[in-house]
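So the structure is just underneath, and the comments pick up after that.
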Amino acid sequence: MMLELGPHGGFILAAYLASGLILCGLAALILLDRRAQRRALALLEQQGIGRRSERKTS
Amino acid sequence: MASLIELANPARFMRLSNVLLPWVAGIAVLLLLVGFYLAWFVAPADYQQGETIRIMYLHVPAAWLAMMFYSMMACSALGVLIWRHPLADVAQQAAAPIGAAFALICLLTGSFWGKPMWGTYWVWDARLTSMLVLFLLYLGVIALRRAIDEPSRAGRAVAILTLVGSVNIPIIKFSVDWWSTLHQPASVLRLSGPTIHTSMLWPLLILAVGFTLAALWLHAVAMQAELLRRRVRTLKILEAERLDRLSLQAAE
């Protein structure tokens, strides 16, 4: 069962730890990136740079 | 095909993904919880490999997803080169880091499994080497994208590299059949059916679906981020052009 990992427990835990770190790191990077882009867009729209200015210039 | 391309419209994608993402995340978390419970508390240890079989529940879905994401990128590459569809380019760009992460997980968990079972972390056999090539291809795709400033040129260059690299996917899949390797042959995706016992197969399949949904969720979020980045870039360019025009008018 779970807590009796036998003589190779270190390898099993290392595999899970490495995978957890990679996936959590990836998810954090992607979510932070989306938040940063949302903020950048909101900032531009606050400054009046949005669809309206786009339409005017096109 | 034309209506399919019309459906794949960035604004429609943003609306649809905002509705679907919470559901996909919820189902993925549920499947991962159930899958890991079964994998750790219900599935038995292997009669030969003992408890190290628990590594399989990470290693196999990671390998499948690393190949699936590259195949998705190859389909998107066709969308970029044939239809020049902007969403295909965004999908391709967003998929690369996710596929690279799963390829890395596959390589690392394989090493941690290989050391106690084979006596070595690494061996240059066909399966391991072709998976390493896949990881390097992902890194190459990411690096090439960053090396070219102009997005549409970068998209086309990346699409060509992706399609060239896609020849590696069948090599990975059939490497264990074509060459004599230390890696075991396929035990789930076989024409004659899985050879793995159901007590281990079910947790593996549940986790594979859970990881797939989690990866697709991440992909959709990354696509949203990329679409927003392109929108910000376009607005900044348009604003700069407008200011240029105003200053020219003022000078006249």
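The number of residues in region B:62-91 that are more than 10 Å from chain A (Cβ to nearest Cβ) and either under 30 Å from B:Ile196 (Cβ atoms) or crowded, with 24+ Cβ neighbours inside 10 Å (or both) comes to 19. In the set (1) loosely packed, with under 14 Cβ neighbours inside 10 Å; (2) touching a His at 6+ places or on another chain (Cβ under 9 Å), B:Ser175 fails one condition alone, (1). With respect to the conditions (1) surrounded by 16 or more Cβ atoms within 10 Å (Cβ to Cβ); (2) among the β-branched types (Val, Ile, Thr); (3) assigned to a helix (DSSP H, G or I), B:Thr181 lacks only one, and its number is (3). Note on region B:134-156: among residues that are touching a residue at least 24 places away in the same chain (Cβ under 8 Å) and of a type in the set (Gly, Ala, Ser), the one that is farthest from B:Ile82 (Cα to Cα) is B:Gly140.
Select, from B:Leu104, B:Leu144, the only residue that is within 14 Å of chain A (Cβ to nearest Cβ) and either at positive phi or not acidic (Asp, Glu) (or both). Step through it out loud before you land on a result.
On the way: B:Leu144 fails: within 14 Å of chain A (Cβ to nearest Cβ).
It is B:Leu104.
Taking the criterion of being among the hydroxyl-bearing types (Ser, Thr, Tyr), surrounded by fewer than 15 Cβ atoms within 10 Å (Cβ to Cβ) and within 13 Å of chain A (Cβ to nearest Cβ), would at least one residue in region B:18-41 satisfy it?
Within region B:18-41 (the criterion being among the hydroxyl-bearing types (Ser, Thr, Tyr), surrounded by fewer than 15 Cβ atoms within 10 Å (Cβ to Cβ) and within 13 Å of chain A (Cβ to nearest Cβ)), the answer is yes, since at least one residue qualifies.
Condition check ((1) touching a residue at least 24 places away in the same chain (Cβ under 8 Å); (2) in a loop (DSSP other than H, G, I, E, B); (3) within 21 Å of the chain's Cα centre (by Cα); (4) buried (at least 21 other Cβ atoms within 10 Å of the Cβ)) across all residues:
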{"site": "B:Pro194", "(1), (2), (3), (4)": "no, yes, no, no"}
{"site": "B:Met200", "(1), (2), (3), (4)": "yes, no, no, yes"}
{"site": "B:Ala215", "(1), (2), (3), (4)": "yes, no, yes, yes"}
{"site": "B:Met223", "(1), (2), (3), (4)": "yes, no, yes, yes"}
{"site": "B:Leu227", "(1), (2), (3), (4)": "yes, no, yes, yes"}
{"site": "B:Thr234", "(1), (2), (3), (4)": "no, no, no, no"}
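Here A:Ala18, A:Ala28 are screened, and the one residue that is within 21 Å of the chain's Cα centre (by Cα), of a type in the set (Gly, Ala, Ser) and more than 8 Å from chain B (Cβ to nearest Cβ) is A:Ala28.
For (1) assigned to a helix (DSSP H, G or I); (2) under 20 Å from B:Leu201 (Cβ atoms); (3) within 15 Å of the chain's Cα centre (by Cα), each residue gets a yes or a no:
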position: B:Phe13; (1), (2), (3): yes, no, no
position: B:Leu65; (1), (2), (3): yes, yes, yes
position: B:Asp89; (1), (2), (3): yes, no, yes
position: B:Ala101; (1), (2), (3): yes, no, yes
position: B:Ser111; (1), (2), (3): yes, no, no
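On inspection, B:Met131 passes the criterion of being closer than 30 Å to B:Ile82 by Cβ and either in contact with a Cys (Cβ under 8 Å, 6 or more places away or on another chain) or modelled with pLDDT under 95 (or both). State whether the residues of region B:167-189 include one that is under 21 Å from B:Pro61 (Cβ atoms), aromatic (Phe, Trp, Tyr) and within 14 Å of another protein chain (Cβ to nearest Cβ). No, there is no match, as no residue in region B:167-189 is under 21 Å from B:Pro61 (Cβ atoms), aromatic (Phe, Trp, Tyr) and within 14 Å of another protein chain (Cβ to nearest Cβ). Scanning region B:93-103 for residues that are within 21 Å of B:Ala63 (Cβ to Cβ) and in contact with a helix residue (DSSP H, G or I) (Cβ under 6 Å, 6 or more places away or on another chain) gives B:Ala94, B:Ala95, B:Ala96, B:Ile98, B:Gly99, B:Ala100, B:Ala101, B:Phe102, B:Ala103. Checking each residue in region B:40-60 for being more than 22 Å from the chain's Cα centre (by Cα) and part of a helix (DSSP H, G or I) picks out B:Trp40, B:Phe41, B:Val42, B:Glu51, B:Thr52, B:Ile53, B:Arg54. Annotation: B:Gly99 fulfils all but one of (1) over 21 Å from B:Ala225 (Cβ atoms); (2) surrounded by 24 or more Cβ atoms within 10 Å (Cβ to Cβ); the unmet one is (1). Looking only at residues of region B:217-248 that are aliphatic (A, V, I, L, M) and more than 7 Å from chain A (Cβ to nearest Cβ), we find that the one that is farthest from B:Pro97 (Cα to Cα) is B:Leu248.
The values are calculated or read from the model by the stated rules, or taken from the named source; none is laboratory data. Every value quoted in this text rests on a predicted model; they were computed, and no experiment measured them. Cβ coordinates were reconstructed from backbone atoms using ideal geometry, including for glycine residues, and neighbour counts include every protein chain displayed.
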